[in-house]
Amino acid sequence: MTLNSSDLSRQRYASADPGAAAVRPGVLVEVAGCGVWISGESGVGKSELALALLERGHRLVADDAIEFQRSDHAALLARPPGALRDLLEVRGLGVINVRELFGGQALLPVATVHLAVRLLRPAAGQWQDWERLQPQRDQLRLLGVMVPRVTLPVAAGRPLPLLLETLVRLERAAASLLHGRRRQGGEL
């Protein structure tokens, strides 16, 4: 079978089609109106962070597995798989029904992903070399949608809920500034 260039193009960008879907591990929370995909190795504290954010008034979308879908407007939407809806698994506590414990207002059935945060426990010698003046940033592509990602170092005593809330505020302020400059026709 021979493929022509349009066939290859369709195969390469098939995941960029509206409605395309994927399931990935992690936690999806809404913090101050911003959908945040939290990822990291097993046991790094993703679900514990989500629990602390719930206590601070933010909302859970999905825990453990996240269903992603590309929208018609090239946005990345996230929702929980049906069997995991309303549930949060926290090591040492078991499976928590968030609706029963925090109420329905603590849940969101679907959210647009604006930011990805990777939790990383630095190795012994890496901590002192970690960049102090700016976050470690990159981007990831899922279903043809680029999502900004920040890596947050995890260590005992770090106030991760406060750090994540602050990160969301910084990202929103930067996006607002960028949008204002574009609207005014200024240099970026």
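The values are calculated or read from the model by the stated rules, or taken from the named source; none is laboratory data. Only a predicted model underlies this, so the values are computations on that prediction, with no experimental measurement involved. Cβ placement follows ideal geometry from the backbone for every residue including glycine, while neighbour counts extend to all protein chains displayed. Just so you know, the surface numbers come from the protein's heavy atoms only, side chains and all, with ligands and any DNA or RNA stripped out. Shrake-Rupley method; radii C 1.70, N 1.55, O 1.52, S 1.80 Å.
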Q. Relative to the present Cα-Cα distance, how much length would full extension add between residue 140 and residue 52 at 0.36 nm per residue of separation?
A. 29.1 nm
Q | Other-chain or far-sequence residues with amide H under 5 Å of residue 20's (modelled H) | A | 70
Q.
For a quick check of understanding: with a 1.4 angstrom probe and all protein chains in place, what accessible area in square angstrom does residue 63 have, to the nearest ten?
A. 10
**Q.** Only Lys, Arg (+1) and Asp, Glu (-1) charged, at Cβ; the stretch 78-157 dipole about Cα centre in debye
**A.** 140
Q) Under a 1.4 Å probe, what is the accessible area of the stretch 100-157 per residue, stated in Å²? A) 62
Q.
If you average the alpha carbon positions of the stretch 34-93 and of the stretch 106-138, how far apart do those two centres end up, in angstrom?
A. 15
**Q.** Calculated FRET value between residue 129 and residue 73, using beta carbons and R₀ = 25 Å, to 0.05
**A.** 0.05
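Quick one: pull the percent of accessible area on the stretch 73-171 belonging to carbon and sulfur, 1.4 Å probe, ligands and nucleic acids left out. Please list the in-between numbers first.
Details: 3160 of 5910 Å².
That share works out to 53 percent.
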Q | Mean separation of Cα contacts under 8 Å, 6 or more apart, over the residue count of the stretch 13-160: relative contact order % | A | 26
